[in-house]
Structures are given as C-alpha cells and as structure tokens.
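We did not get these values from a lab; they are worked out from the coordinates using the rules stated. The structure displayed is predicted, hence computed values, not measured ones. Cβ: placed from backbone, ideal geometry, glycine included. Neighbour counts: every protein chain shown.
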Amino acid sequence: MSFYNICAQYDEECLKEQLASKTETDVKHTLAQEQISPEGFLTLLSPAAVPFIEDMAQKAHKLTLQHFGRTITLFTPLYLANYCTNRCVYCGFNTKNKIYRSQLSYEQVESEAKVIASTGMKNILILTGDARAKSSPEYIKACVEILNKYFPSVSIEIYAMTEQEYASLAESGVDGMTMFQETYNEKLYPVLHPSGPKHDYRFRLDAPERSCKAGMRVVNIGALLGLDEWRHDAFKTGLHAHYLQSKYPGVDIAVSLPRMRTHVGHFEQTCVVSDTEMVQNLLALRIFMPRAGITISTREKAEFRNNIMHLGVTKMSAGVSTEVGGHAKAEDDSDKSAQFDISDTRSLTEMCEAISSQGYQPVFKDWEPIFGTL
Amino acid sequence: MIDDVLEIGKVKFKSRLLIGTGKYADDSIIPAVCDSSESQIITVAMRRVDFNATTENVMDFIPKNMQLLPNTSGARTAEEAVRIARLAKAAGCGDWIKIEVISDNKYLLPDGYETIKATEILAKEGFTVLPYVNADLYIARALVDAGAAAVMPLGSPIGTNRGLKTREMTRILIEEIKLPIIVDAGIGRPSEACEAMEMGADACLVNTAIATANDPVKMAKAFSNAVKAGREAYLSGPGAKSNLAQASSPLTGFLTEGQ
C-alpha cells in the first residue's frame, strides 16, 4: 500500500466537515497531549485552533529547542536548467512562457560551484525543469560529481524519477531529494498540470517513497501553499510525512512550506495564505512531527523569516538566485528567466547576521559524505 | 577523593562529566561551558566538522587540553560508523571514537547489533571505542568482548531531557559490567545526573540539557556540582532504604534487652 491509499481516504468534503467540527475543547485536549495523532494534527490546523496560536507557539518552540537546539541550517539552490515540458499554470518555467531557456555546461556548473563555495555555503540543492531529454539523469549525475568536490551535501529538486534512478543518484553522492506534490487535491491537480509528465498525479505522489526505498538520506516534501484550500494540503502533507517517517525510520523526513509567489505568466491565485495561517501551519506541523526538519525559503519576506526562526524552522535558503547560472552572473545581466520572484534577497553574510541576532547559530555543514571515504 | 579517577582506555580523568558541542546558539560559548563544567572529555559530531573551513568551525572552540571524543552521528550502519571513525582519525581528531549507529530517526534509538560490529572492527584497529547503546546487559557483555573501552547506556532517548528512565537496567549494567558505565542521553536535570552517579555510574554525558538552557554556562556548573555530589554520595555508601519507618522506641526492644 502506498500513501495514495491513505490520502484517498480524505476527500475534500470530508476534510472540510472535519475541520469545521473541531472545537475549543478539542484544541485544549490536543495541546495537553505529549504526542498527537493525525486527528490531533487536524485539530491544530482547524479554525478552532486560531485563538490558541500563542500556546501552540510556546509548545512548538520548546520541542524545536529540545530536538534541534538553537540552530538553523543553511542551503542555497543552484538552477542547472529551465527547460521544461510541463504546462503547470502557476510556474514561471511553464513551457508556454516566453522566457530565455538555458542549461549549464559542465564548465558553467563548476564556475557556479566555485562562486557559491567561496561564500562558505556547504549545502547545495540542484534544480532543473522537467525535461528529461535536456536534463537527463546522466547529465544530473555528472553535475553531482562536479558539485561533490565543493559541497559535502548535494540534494536534488528535479522531475520525478524511478527507484533505480534515485538509487543511482544516491550512489553518486546525492544525499537528499525534495519533491513538492504542489497540491494533494487529486481533482484539482490535473487542472493545474494540464500536460507534460507532471500531469501524472500518482507517479509524483509516490516519488518520495521511491527515493526512500532507493537509499536517500533526507527526503523533503511539501505542497505549494495557495493552490488549494491550505488546511487540506497542509494536513495531507503532514500525513504524508508521518507515513514516510513511520515506514522508513532510517530516512530523515523533512517538510518545506512554500507559499505562492509572483512569476512570469498569469495565474489567478484563489487561495491566498495569510501570515497567521502560515504560522498556524508551521506550528501544527512541528507539534505533530517534533523531529522533522522544516524549511522556509526566500519566497518569504526577510522580516517574516526573522520572526519565525523561534517557531520550529530548522532550515533556510540564503543567497538565492532562481535563474539558471544566476550565482556567477552579474546582477545587471539578469535575463528574467527566474522560476519565481524571491522576497528575501539577503546575502549569505546578511542572513547569518540575522540568524545570530535572533539568538540562533547558522549551521553550514551538517553532513559528512560517507561514500567514497576511507 | 584524591585517587578517585575515571579511567578510560588507560587515560585518567578527574572529572566525571562529559559534555557535547551540539545545539548551541553560538559555538563561541563552548570554551566558557568547558570551563564551568570542569569537563575533560568533549564529544563532537564529525558530520558538523568542516575539515576545509574557511570560516569559523566548531573545532576552533574546543580547548586543546580536552580529550576529543568524535562521534559517528549520522551513521546508519556499522560500515558507515567505521568510515566516519577512520575519517576522524585521518583528519587529526585522534583515535577516540563514540559509536552512534542510529537507523530510526523518529526516536533516535541506537542499533545494538550494528554498534557491536563497529566496536569490534574499530577496537581491533586500535581505537578507544565508547559505544552508545540501549541499557541492555547482553549488548553490554558483547561490547566488552568486542573491545569497548566503556559502555554508554542511554538514560532516555537522545535530546528528550526525560531523565533516567532506564534506571533498573542501568543499575544492572553497573553491577555486572566491569568497564566504566557512562550514562549518555536523556539526562535533563542536574538532579538526574546526581541520581545516576549515586547509583554508581562512572560518569554522565550531558549535551542538550546544557546547550538548550537559558544560561548554558551556569547549567554546566550545576551539572558539574551534581555529578560530584552524586559521586561523593556513592563513595560514602548511602544508608539502606526501608519501606517501613524505623521506630526510635521499638515495641519489641524488650526481647533483646540484657542480651
């Protein structure tokens, strides 16, 4: 049985009713428990929990401190290519969007790596559009081999792969994978992803599990908040993380909480997620999954990112460019080919200062590659 | 008390408190924590050490006079733990190693079987091996046979600050295992460290409880005092416990009067 069967048990109507049925008493009862069930998680995501956000914050803060200490691990994304065969209606890489398309040569990958490594960054997340013909598994593998010379941790956020392909990348030194389901709403999903390989809901949904089986050390999942009713997607994301953590205890399961951002293209966002709702989501997730990593990207504003460091976040991106080759490129050479606009444009140094000023330690290295050592 | 030393792998220590380097808001506080804890052994996760550091590195803050105890945090198998240990040695971190083999990231409980395998390999290679394990007599005996220099049973799961939940099992290890027993993980308060030492544990390793305290330097001092107090109490031989009150004017005293 895959997570698909569990997910399918919660249709949108049933979730709507359950969320609306939660009461103040349910929230108090949940907060009093040491470990909460999926039902309790749903309670903390419900409208009834909104007046208890401060109580949730106190609990989430203590749990995070206990399990992670006062530390925030830093990473930066590296866009290898923006060729894409999908038509995701909300994405700047949509094949119909008129943007400058490119792919880094191996020499360019090395140049980008040198520029990023010179800042002190140790964790790199490589991204491509969904275009196998251009960014083949072999191309990605060759890029990983270059990047391994500069970074102890290299993760991927690319198209969904087979288990064998994930295993091959893990063997070549990839230690983490990120896969956003975007929305768990099976009916809405094909509307948002009208064509291209990403149209296959089930193949994408099962990708994190395939990577767990393939030996990835860290598996990071998430929904793009703002595509559907956020409480539904937040609940199913947590449920998915819980499923993976229980079934693959040797894998570090993490969750990202990306909110919709503006980009090239025209997508009318119908479900806007407020700051309060983002915080409620973060706190509920931390209380439900005390040991899970939680990532907040530069999609969020600097001030908001500073404030939520105390609430359960363990990983943040910094020094970000979402353009292909954007790290080595001079600022005025920008070709407007970014996947989305970032909100927090602080450099790595500025980000470290901000983390320290909040009483936290920026962590650069949190993994020693084991493969290929003595 | 002058001769009361902790001996691990032929090295003698006055302090019986081991500390860690993780979870601090700023690594620059580590020297002050070392100082106030009076600890002589400090563990550091190899996964966090930047061997090519161009910026600040946790190793820069560890006092040179302390015994470095690299740990294999992140290892999921014996093979991975062995690789990390060898890497630590090759990087100049010495030949002491704390084996942590954990393949359950939810509870972070150690895998005894893989830990025994790693201990055997590394002990044969000349490492001073301190394995972190569940408080289990059979595992502890196997570790003795595998060449461990000490046994480090958990008080409760890592980072939980839940205290000495394994009290009875740890007591059995103290009684039965001739190697130093170092209670590692879960100790959340100085009173719990004191309790472990009173029971006869040889030492305690404390990280989370110090690192996440509002004042880590003061908390390190508190743990130092607690470990010393517990040790002194153990050496003093506490009086026996009884479930019944011992009447100061016994009713049957007449039976022995005049004998």
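Per-residue Karplus couplings for the stretch A:62-73, computed as 6.51 cos²θ - 1.76 cosθ + 1.60 with θ equal to phi - 60°, are listed in order as 4, 5, 5, 4, 4, 8, 10, x, 8, 9, 10, 7 Hz, Gly and Pro entered as x. Among A:R299, B:R189, a tally of other beta-carbon atoms within 10 Å of each Cβ gives an order, fewest to most, of B:R189, A:R299. A simple count of charges around A:H240, restricted to other residues whose Cβ falls under 13 Å of its Cβ and scoring Lys, Arg +1 and Asp, Glu -1, yields -1.
Look at the Cα gyration tensor of the stretch B:76-228: its axes a ≥ b ≥ c give a/c of at least 1.5 with a/b over b/c, and that counts as prolate. The alpha carbon convex hull volume per residue for the protein assembly as shown rounds to 180 Å³.
Relative contact order of chain A, taken over Cα pairs closer than 8 Å and 6 or more residues apart, is 24 percent. Residues in the stretch B:190-203 carry Karplus couplings, in order, of x, 4, 6, 5, 4, 4, 4, 5, 4, 5, x, 4, 7, 6 Hz; the curve used is 6.51 cos²θ - 1.76 cosθ + 1.60 with θ = phi - 60°, and Gly or Pro positions show x.
Calculated [222 nm] ellipticity per residue, helices only, for chain B: -10500 deg cm²/dmol; basis is -39500 (n - 2.57) per DSSP H run with n ≥ 4, divided by all residues, nearest 500. Per the Debye formula on identical point scatterers at the alpha carbon atoms of the stretch A:1-136, with no solvent, log10 I(q)/I(0) at q = 0.16 Å⁻¹ is -0.96. Fewest-first ordering of B:V58, A:V272 by other beta carbons within 10 Å of each residue's beta carbon gives A:V272, B:V58. Computed over the stretch A:116-157, the quotient of the alpha carbon radius of gyration and 2.2 N^0.38 Å is 1.21.
For the stretch A:178-305, a crude dipole built from +1 on the beta carbon of Lys and Arg and -1 on the beta carbon of Asp and Glu, taken about the Cα centre, is about 420 debye to the nearest 20.
Cysteines in chain A that lack a partner Cβ within the 4.7 Å cut-off: A:C7, A:C14, A:C84, A:C143, A:C212, A:C271, A:C352.
Computed over chain B with a Gaussian network model linking Cα atoms closer than 10 Å, the most mobile of B:V11, B:V227, B:V217 is B:V11. Shielding value for A:63-71 is 6, the average number of Cβ atoms from other chains within 10 Å of each residue's Cβ.
Strictly over 26 Å apart at the Cα level, which of A:K141/A:K187; B:K23/B:K165; A:K149/B:K106; B:K64/B:K178 would you flag in this model?
On the way: A:K141/A:K187 34 Å; B:K23/B:K165 23 Å; A:K149/B:K106 31 Å; B:K64/B:K178 30 Å.
The answer is A:K141/A:K187; A:K149/B:K106; B:K64/B:K178.
Under 5 Å between amide hydrogens, built in the peptide plane, is the criterion, and for B:W96 it picks out B:T128 among residues at least 5 positions away or on other chains. Computed from the Cα positions only, the extents of the stretch A:212-331 along the three principal axes stand at 44, 34, 29 Å, in decreasing order.
The alpha carbon centroids of the stretch A:224-289 and the stretch A:138-170 are separated by 25 Å.
Based on DSSP H segments of at least four residues, each scored -39500 (n - 2.57), chain A has a per-residue ellipticity at 222 nm of -11000 deg cm²/dmol. Once backbone amide H atoms are built at 1.01 Å from N, A:V363 has A:I72, A:T73, A:L74 as its partners under 5 Å, excluding neighbours fewer than 5 places away on the same chain.
Using C-alpha pairs under 8 Å with a sequence gap of at least 6, the mean separation divided by the residue count of the stretch A:147-231 gives a relative contact order of 39 percent.
Note on the stretch A:103-255: Cα-only Rg and Dmax are 15.9, 46 Å. Per the Debye formula on identical point scatterers at the alpha carbon atoms of the stretch B:145-243, with no solvent, log10 I(q)/I(0) at q = 0.13, 0.14, 0.25 Å⁻¹ is -0.44, -0.50, -1.31.
For the peptide B:69-75, the mean number of other protein chain Cβ atoms found within 10 angstrom of a residue's Cβ is 2. Just so you know, the Cα atoms of the stretch B:1-82 work out to an Rg and Dmax of 14.3, 45 Å.
Take every pair of alpha-carbon atoms less than 8 Å apart whose residues are at least six positions apart; their mean separation over the length of chain B yields a relative contact order of 17 percent. Exposure proxy ranking for B:F254, A:F304, B:F223, based on other Cβ atoms within 10 angstrom of each Cβ and starting from the fewest, stands as B:F254, A:F304, B:F223.
Under a GNM of chain B (C-alpha, springs under 10 Å), which listed residue has the highest mean-square fluctuation: B:C93, B:C194, B:C204? Looking only at B:C93, B:C194, B:C204, the biggest GNM fluctuation is shown by B:C93.
Could you estimate the translational diffusion coefficient of chain B from the Stokes-Einstein equation, with Rh from the Kirkwood formula over C-alpha pairs, at 4 °C and 1.567 mPa s, in whole µm²/s? Answer from the Stokes-Einstein relation: 68 µm²/s.
Taking beta carbons within 10 Å but only from partner chains, what does the mean come to for residues A:357-369?
Details: counts 0, 1, 2, 3, 9, 2, 4, 7, 9, 5, 5, 17, 3.
The shielding value for this peptide is 5.
Computed from backbone phi, the HN-Hα couplings of the stretch B:161-172 come to 6, 8, x, 8, 6, 9, 3, 5, 5, 5, 4, 5 Hz, rounded to whole numbers (Karplus: 6.51 cos²θ - 1.76 cosθ + 1.60, θ = phi - 60°; Gly and Pro given as x). For chain B, the longest principal axis of the Cα atoms and the long axis of helix B:216-236 meet at an angle of about 40 degrees.
Under 5 Å between amide hydrogens, built in the peptide plane, is the criterion, and for B:L18 it picks out B:C204, B:L205, B:V206 among residues at least 5 positions away or on other chains.
Considering only B:N225, B:N214, B:N71, the mean-square fluctuation computed in a Gaussian network model of chain B, springs between alpha carbons under 10 angstrom, is largest for B:N214. Paramagnetic label reach from B:T77 (point 7 Å along Cα→Cβ; backbone nitrogen cut-off under 14 Å): within the stretch B:111-133, residues B:114-115, B:117-118.
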